[in-house]
1. Looking only at segment 159-168, decide whether some residue is within 20 Å of V218 (Cβ to Cβ), modelled with pLDDT of 95 or more and away from the ligand (no atom under 16 Å from the Cβ).
2. Give me the pairs: first residue in segment 51-78 and hydroxyl-bearing (S, T, Y), second residue within 16 Å of the ligand (Cβ to nearest atom) and outside any helix (DSSP H, G or I), beta-carbon distance under 6 Å, and six or more apart or on different chains, which are they?
3. From the list L47, L94, L75, which residue is outside any strand (DSSP E or B) and surrounded by 14 or more Cβ atoms within 10 Å (Cβ to Cβ)?
4. Working only within segment 31-75, note down all residues that are in contact with a helix residue (DSSP H, G or I) (Cβ under 6 Å, 6 or more places away or on another chain), of a type in the set (A, V, I, L, M) and more than 16 Å from the ligand (Cβ to nearest atom).
5. Within the group L108, L81, L94, which residue is more than 20 Å from the chain's Cα centre (by Cα), assigned by TED's automatic domain parsing to the domain that holds G152 and aliphatic (A, V, I, L, M)?
6. If A196 satisfies all but one of (1) over 24 Å from L60 (Cβ atoms); (2) away from the ligand (no atom under 14 Å from the Cβ); (3) modelled with pLDDT of 95 or more; (4) surrounded by fewer than 15 Cβ atoms within 10 Å (Cβ to Cβ), what's the number of the condition it fails?
7. Please tell me if G186 is under 25 Å from N42 (Cα atoms), within 16 Å of the ligand (Cβ to nearest atom) and assigned to a strand (DSSP E or B).
Amino acid sequence: MEQLSFRNGAALNLDQISQAVMARLAQLDAAVDDSPEPVKRNGRLELQVPIGISVRHLHLCDEHLAILFGEGHALSVNAELYQKGYFAAKEQVLVVGRRRGIEGVRVLGPTRPYSQVELAQTDALQIGLKLPIATEGSDPACKPITLVGPEGVVTLPGGGKGGAFIARRHVHMSDVAARRYGVKHGDLLDLFIDGARPTTLHGVLVRVKAGWRNEVHVDTDEGNAVGIRNGQTGTLIIPIK
Ligand SMILES: [Zn+2]
């Protein structure tokens with residue numbers, strides 16, 4: 001950005017000072033908000049957002065991590081995720097429903113205050129569970145499920161105390177980006193997917209947290225049904241209020 005320059009010894013007037021201050025503030029703003037610019041079309045905002053396909057996975061609390069993998073065990077990073085600070089761990093467990101189980105379900109880190117298992121509908125049916133669509137393991141509709149690790153077994157009770165569910169499609173956003181787009185945590189948006197099976201997914205839940213990057217998450221069933229490739233972009237439709 002071009003710096004305002006003042007001749008040596010020249011007295012600054014108020015206009016010049018306020019211009020310099022405004023320029024500096026604009027620089028600071030630009031540093032914080034690196035969210036992409038939406039396009040205004042048909043009376044609404046259209047925003048290109050990368051789509052991540054969430055394969056079945058689980059999150060663990062510290063207590064359950066210790067039971068499943070041994071006291072003092074820390075998760076090790078297998079792959080960093082698109083959201084900074086989050087990772088797919090090397091650790092995997094056997095997840096057991098009412099009829100059978102699925103081996104090798106991956107733990108995502110870091111640990112959380114409570115444990116939860118996120119499956120696709122296909123996974124749930126395979127192991128004999130009828131699962132609700134939910135956002136968090138604290139949702140009272142979550143179902144009981146059993147986890148088997150190398151060092152122990154844990155049964156999550158469900159009913160709001162950690163359990164299994166099918167994740168509601170959602171979009172991650174920073175607080176800065178959400179303010180800029182005029183959306184808030186809990187809003188539901190449409191996402192247009194172009195390609196061989198053009199589709200609009202409705203009810204994409206906005207989830208806001210400082211530091212998050214714009215990213216939509218769908219599960220493997222949704223991704224496969226629409227032909228989404230992991231990392232491709234979709235068009236988020238944002239109403240102008
Ligand atoms: Zn997500």
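The values are calculated or read from the model by the stated rules, or taken from the named source; none is laboratory data. Just so we're clear, the structure is a prediction, and the values are computed from it rather than from any experiment. Note: ideal-geometry Cβ built from the backbone for every residue, glycine included; neighbour counts use all protein chains shown.
1. First, the residues of segment 159-168 that are within 20 Å of V218 (Cβ to Cβ): 164-168.
Subset that is modelled with pLDDT of 95 or more: 164-168.
Keeping just the survivors that are away from the ligand (no atom under 16 Å from the Cβ) gives 164.
Yes, segment 159-168 has at least one match.
2. The qualifying pairs are S54/H217; S54/D219.
3. On the way: L47 fails: outside any strand (DSSP E or B); L94 fails: outside any strand (DSSP E or B).
From the options L47, L94, L75, the qualifying one is L75.
4. V32
5. Numbers: L108 fails: more than 20 Å from the chain's Cα centre (by Cα); L81 fails: more than 20 Å from the chain's Cα centre (by Cα).
The conditions single out L94.
6. Answer for A196: the failing condition is (3).
7. On the way: under 25 Å from N42 (Cα atoms): yes; within 16 Å of the ligand (Cβ to nearest atom): yes; assigned to a strand (DSSP E or B): no.
Spelling it out, it is not the case that G186 is under 25 Å from N42 (Cα atoms), within 16 Å of the ligand (Cβ to nearest atom) and assigned to a strand (DSSP E or B).
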